[in-house]
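What follows draws every value from the coordinates through simple rules; no lab data is involved. For clarity, every value in this text was computed on a predicted model and none was experimentally measured. In this analysis, Cβ positions are derived from the backbone assuming ideal geometry, glycine residues included, and neighbour counts consider all displayed protein chains.
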Amino acid sequence: MNTAELLVRCLENEGVEYVFGLPGEENLHVLQALKHSSIKFITTRHEQGAAFMADVYGRLTGKAGVCLSTLGPGATNLMTGVADANLDRASLVAITGQVGTDRMHIESHQYLDLVAMFAPVTKWSTQIVRPSNTPEIVRRAFKLAQIEKPGAVHIDLPENIAAMSVVGKPLRIDQREKVYASFQSISRAAEAISQAANPIILVGNGAIRAQASDALTKFARTLDIPVANTFMGKGVIPYTDRLALWSVGLQQRDHISCGFDHTDLVIAVGYDLIEYSPKRWNPDGTTPIIHIDQTPAEVDSSYIPLAEVVGDIADSLEEILKRADRTGKSDPYAIHLRDEIWTDYEEYAHDDGTPIKPQKLIYDLRQVMGPEDIVISDVGAHKMWMARHYHCDRPNTCLISNGFAAMGIALPGAIAAKLVHPNRRVVAVTGDGGFMMNAQELETALRVGTPFVTIIFNDGGYGLIEWKQHNHFGESNFVHFSNPDFVKFAESMGLKGYRVESTLDFIPTLKEALAQEVPAVIDCPVDYQENLRFSQKAGDLNCSI
């Protein structure tokens, strides 16, 4: 066999189901090997879409999603999605074609040093230069991509190496053992939790990756400690739980900010600083912190834990629970804060304003979607509202990119979500700006048979930037654009297209769209004056302790 065939056998050995990508001259041998493989190749319309699909596949499964491009422009197109996976802590392996090694020492058509280019946005970037090393490289790539903190890895395969004959076989996959925290750190954490008057739990996506949702919920309920989640930690505790304070992470103050002002101990569980800087909730670095995660704490002047409990998260929570004693201690303010948050949420239940307020769209979306259904948010003004108003019963049912936070992820990400969970309903929530960045992947969705609904929050501009411009300067510049007729756009591809003109139309339209056997697009004009109203409200927020 040749190197490309050995590479594909190694991918099969890793349990790869899909490779997302585009064909190119320099990856011909890999494509030919995939043709005779159990792996399904998903031909996308842009390499960025392929990387986003692999990104979301990795986040939902914990196994590395795989994307493939050719050299040069194909590889540069791939980079945004690869970087997103790396900073969102999603397992991904990117494979690029490359010129032959005999052309690398001179100026050559479409040649870039891809190993160097991918190095800053991956955990490891390498090139196969000896065919016999292929099994070692692939095994190391998947191991690095999947261990904590997971991320992206890049493998570059020159076309002459891909064609060379080789004898070899995939390496055996070593079974990872759980790592347990020291009893000393567990005891320190339990003592601090026992003594705290009003602790709060801050939980991030690391707890979801560790499958620690049940342990976290039991921990919070037994010790009667309220829980706030990051954007990427949604669903780790059911949003209906009396201790759930919902999402934290907006750059402006919100009700949940009062909870962090009030606390005397933050218990950070699977929390990642890249999502929401501790300088926003602990600006002076004076709030005591317990760090519970599978990896040690990052260094930050506002995040210096008094105890680092490093090991399996579920086990750590169980062991701390055995030692912590909060008998007779409760925090009535947390219940009061929960009531304020819930009242604010329900305020939009019967709103019938036109254009539709983003809060109302999201409230109604939650009424239609089941507890296991999946919503993927793009990046833009709607993302802030999704983070604040779309709440979850289960982990990984609302996916938000909040590490790299790349626009354009929702639509291709929804394809991956539907491939992973074909029996669940999937909705991509996007702005008109993000939608047009990867709208071409709707053709991919139709071709590969992944029916889902795309809801476009349509305001004719880059709403989040306009929001920030108004906050900074009192005016906006260079953010407005025109759009195609999204209904006709969808129909031109053989999809279903809808336009919602009133709040009364949205729920029946969404239900009809979800029942279709092809992808559907719903164009929803939104009233983003709510952005400025929220800024005013946040500025006037007083914590009633």
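Sort 332-338, 51-57, 120-126, 407-413 for me by packing, meaning the mean count of neighbouring Cβ atoms within 10 Å per residue, highest on top.
Result, highest mean first: 51-57, 407-413, 120-126, 332-338.
Report, to the nearest 10°, how far helix 503-514 tilts away from the longest principal axis of the Cα atoms in the chain, using its own Cα long axis and a range of 0 to 90°.
Helix 503-514 sits at roughly 40 degrees to that axis.
Can you put Arg59, Arg326 in order of Cβ neighbours within 10 angstrom, beginning with the fewest?
Numbers: Arg59 28, Arg326 17.
Result, fewest neighbours first: Arg326, Arg59.
Can you put Val129, Val82, Val448, Val500 in order of Cβ neighbours within 10 angstrom, beginning with the fewest?
Numbers: Val129 12, Val82 31, Val448 15, Val500 23.
In increasing order of surrounding Cβ atoms, one gets Val129, Val448, Val500, Val82.
For segment 222-255, list residues with backbone N below 17 Å from a point placed 7 Å from the Cα of Thr327 toward its Cβ?
Backbone N within reach: 222-224.
Dipole of segment 260-409, Cα-centred, from +1 at each Lys and Arg C-beta and -1 at each Asp and Glu C-beta, to the nearest 20 debye? Don't jump to the answer; show the numbers that get you there.
On the way: 13 positive and 27 negative charges, 34 e Å.
So the magnitude is around 160 debye.
In whole angstrom, note down how far apart the Cα centers of segment 406-462 and segment 197-236 are.
29 Å
Please give every one of the lysines within straight-line cross-link reach of Lys537, meaning a C-alpha to C-alpha distance under 28 Å, and leave out same-chain neighbours fewer than 8 residues apart.
Qualifying lysines at Cα under 28 Å: Lys234, Lys279, Lys357, Lys360, Lys383, Lys468.
How high is the relative contact order of the chain? Use alpha-carbon pairs under 8 Å, at least six apart in sequence, and give a whole percent. Could the numbers behind the result be given before it?
Details: 1221 pairs, mean separation 71.1, N = 545.
For the chain, the relative contact order is 13 percent.
May I ask for the distance between the Cα centers of segment 297-352 and segment 155-181, given as a whole number of Å?
Distance between centres, Cα-based: 41 Å.
If you average the sequence gap of Cα pairs under 8 Å that are 6 or more apart and divide by the length of segment 3-163, what percent do you get for the contact order?
So the answer I get is 26 percent.
Compare the Cα positions of Gln516, Phe404, His105 along the charge dipole of the chain (+1 at Cβ of Lys, Arg; -1 at Cβ of Asp, Glu; about the Cα centre) and return the one farthest towards the positive end.
After comparing all options, I get His105.
State to the nearest 20 debye the size of the charge dipole of the chain about its Cα centre, where the only charges are +1 on K and R beta carbons and -1 on D and E beta carbons. Walk me through the intermediate numbers first.
Values: 49 positive and 67 negative charges, 252 e Å.
The dipole of the chain has a size of about 1220 debye.
Can you tell me the FRET efficiency between Asn542 and Tyr180 if r is taken as the Cβ-Cβ distance and R0 is 45 Å, rounded to the nearest 0.05? Before the final figure, lay out each step's value.
Numbers: r = 44 Å, r/R0 = 0.99.
Calculated value: 0.50.
Antiparallel as a % of all DSSP beta bridges within the chain, to the nearest 5? Write out the running numbers ahead of the final one.
Values: 3 of 67 bridges.
Beta bridges within the chain, antiparallel portion: roughly 5 percent.
Can you tell me the length gained on complete extension of the stretch Phe481 to Gln110, counting 0.36 nm per residue apart and subtracting the Cα distance?
On the way: separation 371, 0.36 × 371 = 133.56 nm, distance 3.32 nm.
That pair, Phe481 and Gln110, stretches by 130.2 nm at full extension.
Picking from Gln367, Tyr528, Thr503, whose Cα lies most toward the positive end of the charge dipole for segment 347-537 (charges on Cβ: Lys, Arg +1; Asp, Glu -1)?
Of Gln367, Tyr528, Thr503, it is Gln367.
Under a crude label model (7 Å from the Cα following the beta-carbon direction), how far is Asp241 from Ile147 in nanometres?
3.1 nm
Hey, got the dipole for segment 166-228? About the Cα centre, +1 on K and R Cβ, -1 on D and E Cβ, debye to the nearest 20? Each step should come with its number before you reach the end.
On the way: 8 positive and 5 negative charges, 67 e Å.
With Lys and Arg at +1 and Asp and Glu at -1, about 320 debye.
Rounded to whole Hz and in sequence order, give me ³J(HN,Hα) for segment 31-45 from the Karplus expression 6.51 cos²θ - 1.76 cosθ + 1.60, θ = phi - 60°, writing x for Gly and Pro.
4, 5, 5, 5, 4, 9, 10, 6, 6, 8, 8, 9, 6, 9, 9
With θ set to phi - 60° and the Karplus curve 6.51 cos²θ - 1.76 cosθ + 1.60, what are the ³J(HN,Hα) couplings of segment 325-331 in order, to the nearest whole Hz, using x for Gly and Pro?
9, 10, 4, x, 10, 8, 10
Most exposed first by the Cβ proxy, i.e. fewest other Cβ within 10 Å, how do Trp281, Trp385 rank? Intermediate values should be presented prior to the final figure.
Details: Trp281 22, Trp385 25.
Going from sparsest to densest Cβ surroundings: Trp281, Trp385.
Dipole of segment 137-267 (Lys/Arg Cβ +1, Asp/Glu Cβ -1, origin at the Cα centre): which of Pro199, Gly168, Gly235 lies farthest to the positive side?
Gly168
What percent does the relative contact order of segment 285-411 come to when contacts are Cα pairs within less than 8 Å and at least six residues apart?
Numbers: 117 pairs, mean separation 20.0, N = 127.
Once divided by the residue count of segment 285-411, the mean separation gives 16 percent.
Under the Kirkwood approximation applied to all pairs of distinct alpha-carbon atoms, what is the hydrodynamic radius of segment 341-450 in Å?
Values: mean 1/r = 0.0686 Å⁻¹.
14.6 Å is the Kirkwood radius here.
Name the shape class, rounded, prolate or oblate, that the alpha-carbon gyration tensor gives for segment 476-545, where a ≥ b ≥ c are the square roots of its eigenvalues, rounded holds for a/c under 1.5, and otherwise prolate holds if a/b is larger than b/c and oblate otherwise. It would help to have the intermediate numbers written out before the result.
Numbers: a/c = 3.67, a/b = 1.83, b/c = 2.01.
Verdict is oblate for segment 476-545.
For segment 234-251, take each phi angle, set θ = phi - 60°, evaluate the Karplus expression 6.51 cos²θ - 1.76 cosθ + 1.60, and give the result in whole Hz per residue in order, putting x for glycine and proline.
For segment 234-251, the Karplus-derived couplings read 4, x, 5, 10, x, 5, 7, 5, 5, 9, 7, 9, 6, 8, 10, x, 5, 6 Hz, x marking Gly and Pro.
Can you classify the chain as rounded, prolate or oblate using the Cα gyration tensor, where a ≥ b ≥ c are the square roots of its eigenvalues, rounded means a/c under 1.5, and otherwise it's prolate if a/b beats b/c and oblate if not?
Details: a/c = 1.99, a/b = 1.25, b/c = 1.59.
Taking the square roots of the gyration eigenvalues as a ≥ b ≥ c, the chain is oblate.
Have a look at the DSSP beta bridges in segment 183-332 and tell me what percent are antiparallel, nearest 5. Spell out each step's value before the answer.
Values: 1 of 19 bridges.
Around 5 percent of the beta bridges assigned by DSSP in segment 183-332 are antiparallel ones.
Can you classify segment 416-545 as rounded, prolate or oblate using the Cα gyration tensor, where a ≥ b ≥ c are the square roots of its eigenvalues, rounded means a/c under 1.5, and otherwise it's prolate if a/b beats b/c and oblate if not? If you can, show how the numbers build up before the last one.
Values: a/c = 2.25, a/b = 1.77, b/c = 1.27.
Prolate.
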